[in-house]
1. All but one of (1) of a type outside the set (D, E, K, R); (2) outside any helix (DSSP H, G or I); (3) under 15 Å from the mean Cα position of the chain (by Cα) hold for Gly35; state the number of the condition that does not hold.
2. Would you mind finding the one in Ala72, Ala26, Ala15 that is in a loop (DSSP other than H, G, I, E, B) and either basic (Lys, Arg) or out of contact with any helix residue (DSSP H, G or I) (no Cβ under 8 Å at 6 or more places or on another chain) (or both)?
3. Which of the residues spanning region 40-57 are in a strand (DSSP E or B) and either loosely packed, with under 14 Cβ neighbours inside 10 Å or modelled with pLDDT under 90 (or both)?
4. Do we find that Gln5 is at negative phi, surrounded by 11 or more Cβ atoms within 10 Å (Cβ to Cβ), of a type in the set (S, T, N, Q) and touching a Gly at 6+ places or on another chain (Cβ under 8 Å) in this structure?
5. Just to be sure I understand, how many residues within region 75-104 are modelled with pLDDT of 85 or more and in a loop (DSSP other than H, G, I, E, B)?
6. Could you count how many residues in region 3-39 are charged (D, E, K, R) and either modelled with pLDDT of 90 or more or in contact with a Pro (Cβ under 8 Å, 6 or more places away or on another chain) (or both)?
Amino acid sequence: MDNAQQTLELEQAEAGMTLADDVFDANGGVLVSAGTELTDKLIQILRRREIKTLEVNSPELDAESRLSRRQAIEQRLERQYAPFNSPTMDQLKELFRHYHTRGLS
């Protein structure tokens, strides 16, 4: 199977996953390079550095799994943006929806 790239909350990351993109600190410095395999210790370090999300390589998902993941992302975005009621925030939510659900159609 081919590998797909997906965005995960750090809390969803597991040892053994491989980073698809570099992880940057708040100042733009590279903390961890793409291709690095995550370990429990590395996940703890990233948590202490307040990293929220990671891009990881993952096996290609079947149609049901893609739909489930897309729905979970959309529900999370709806919760996060529910307090806001402005066209600008709606546009921002749609940009995030597009970014986080790419490859899940």
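The values are calculated or read from the model by the stated rules, or taken from the named source; none is laboratory data. None of the values given here were measured: they were computed from a predicted structure. FYI the Cβ positions are ideal-geometry reconstructions off the backbone, even for glycines, and counts take in every protein chain you see.
1. (3)
2. Going through Ala72, Ala26, Ala15 in turn, the sole match is Ala26.
3. Asn57
4. It is true that Gln5 is at negative phi, surrounded by 11 or more Cβ atoms within 10 Å (Cβ to Cβ), of a type in the set (S, T, N, Q) and touching a Gly at 6+ places or on another chain (Cβ under 8 Å).
5. Count: 5.
6. 4
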